[in-house]
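Asker: Here you go, one structure.
The values are calculated or read from the model by the stated rules, or taken from the named source; none is laboratory data. It should be emphasised that the depicted structure is a prediction, and the values quoted were computed from it without experimental measurement. Cβ placement follows ideal geometry from the backbone for every residue including glycine, while neighbour counts extend to all protein chains displayed. With ligands, DNA and RNA removed, areas are computed over all heavy atoms of the protein, side chains included. Shrake-Rupley method; radii C 1.70, N 1.55, O 1.52, S 1.80 Å.
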Amino acid sequence: MLRAIEMKLDLSLLEKMFDHLPSVLFYVKDREARYLVVNSTLLNHSGCRRKEEVVGLTSDDLFGFTGPTTLTQDREVISTGKPVVDVLRLFFSADGRRQWCLSSKFPLSDKAGQVVGLIGVSRILSRPDEKHASYKRLLDFLKMLEAPDQQNLRISEIAVAVNLSMDTLERLCREVFGMAPKQIMMRMRLDRACCKLENGQDSITDIATECGYTDHSAFSRQFKAATMFTPQQYRAAARAK
């Protein structure tokens, strides 16, 4: 029988380990959702030069354009003790680049079981490896996601159209993109919406329709969940940059 081994969480060791993962933002926050520990990737995207400059700030302080309710989400994880796992999120790095990531946050508890902060990782979603053996099998799927006349199709309908079972489509998408098919669709739609909000004059309703949403309120809910902004707030913030 294996014996239970008590291990003390060594934050400095975690920090050193995540410093070697250039596509992952790693952080630990205190009860007030202020950064205690960050890795080099987060530092590089923040625009700060030293980690000491980041410690004590909240995500709203550091990534102001990410949305005014990021701090609210952090505090909800801390107050409820409920984690969030692989949530599609948008943030802007210090050089203004739009970055999509899958974000996970978990509550940290002391020996008495009281939540005293959170630990989180955000995996930046980079361009897929087009030389990957499975990429070519997804080309028809991706083309249908991008086609304006196919915007209202469901994932299951697209899978049938490109002769892939849902299980196969799920496996290929995770192999190539590290995401589920639904997340890929959501990212493409919301990225298109961001571009239109930043650069165009179309109404929110028209943008929702153009990006594949038949329900304006559903578009607004999904957009806010990913960006922490309503579409109107995002447009105003983007133009104020």
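Asker: Once you put a point 7 Å from the Cα of Thr168 and another 7 Å from the Cα of Ala133, both along the Cβ direction, what distance in nm separates them?
Answerer: 1.5 nm
Asker: Expressed in nm to one decimal, what extension gain is obtained for the pair Glu146 and His20 from 0.36 nm per residue of sequence separation less their Cα-Cα distance?
Answerer: Extending this stretch completely gives an extra 41.9 nm.
Asker: Which is farthest toward the positive dipole end of segment 102-157 among Leu145, Ser156, Pro128, measuring Cα position about the Cα centre, with Cβ charges +1 (Lys, Arg) and -1 (Asp, Glu)?
Answerer: Farthest towards the positive pole: Pro128.
Asker: For the pairs Lys105/Lys131; Lys136/Lys182; Lys16/Lys131; Lys29/Lys105; Lys182/Lys224; Lys82/Lys182, note any where the Cα-Cα span goes beyond 21 Å.
Answerer: Lys105/Lys131; Lys16/Lys131; Lys82/Lys182
Asker: Report the charge-dipole magnitude of segment 35-164 in Debye, nearest 20, computed about the Cα centre from +1 at each Lys and Arg Cβ and -1 at each Asp and Glu Cβ.
Answerer: Computed charge dipole of segment 35-164: roughly 280 debye.
Asker: Right, another one. Suppose all protein chains stay in the model; what accessible area per residue would a 1.4 Å probe give for the chain, in Å²?
Answerer: 56 Å²
Asker: At what distance in nm do the modelled label points of Ala225 and Asp95 sit from each other, each positioned 7 Å from its Cα along Cα→Cβ?
Answerer: With each label placed 7 Å out from Cα toward Cβ, I get 3.2 nm.
Asker: Turning to a different aspect of this structure: Could you check how much of the accessible area of the chain is carbon and sulfur, as a whole percent, using a 1.4 Å probe?
Answerer: 52 percent
Asker: Pick the calculated Rg and Dmax of the Cα atoms in Å for this structure from (i) 19.7, 66; (ii) 16.7, 50; (iii) 17.6, 56?
Answerer: Step by step, Rg and Dmax of the Cα atoms in Å for this structure corresponds to label (i).
Asker: Counting Lys and Arg as +1 and Asp and Glu as -1, each charge on the Cβ, what is the dipole of the chain about the Cα centre in debye, to the nearest 20?
Answerer: 220 debye
Asker: What number do you get for segment 74-144 when its Cα radius of gyration is normalised by 2.2 N^0.38 Å, N = residues?
Answerer: Compared with the compact-globule rule of thumb, segment 74-144 sits at 1.57.
Asker: OK, next. Using a Gaussian network model of the chain with C-alpha springs under 10 Å, which one of Thr41, Thr205, Thr80 is most mobile by mean-square fluctuation?
Answerer: Highest fluctuation of the listed residues: Thr80.
Asker: Between Thr214 and Val116, 0.36 nm times their residue separation minus their Cα-Cα distance comes to what?
Answerer: Going from the current span to full extension adds 31.1 nm.
Asker: How much of the DSSP bridge set in segment 89-228 is antiparallel, in percent, rounded to the nearest 5?
Answerer: DSSP beta bridges in segment 89-228 are roughly 100 percent antiparallel.
Asker: Continuing with this model, one more query. What 222 nm value per residue comes from the helices of the chain, counting each DSSP H run with n ≥ 4 as -39,500 (n - 2.57) and dividing by all residues, nearest 500 deg cm²/dmol?
Answerer: -13500 deg cm²/dmol
Asker: Pop a pseudo-label 7 angstrom from the Cα along the beta-carbon direction at both Val160 and Val87 and give the gap in nm to one decimal.
Answerer: 3.4 nm
Asker: If you filter segment 16-88 for GluC sites (Glu not before Pro), then keep DSSP loop positions with at most 15 other Cβ within 10 Å, what is left?
Answerer: Taking segment 16-88 and a limit of 15 other Cβ atoms within 10 Å, the loop GluC sites (Glu not before Pro) found are Glu32.
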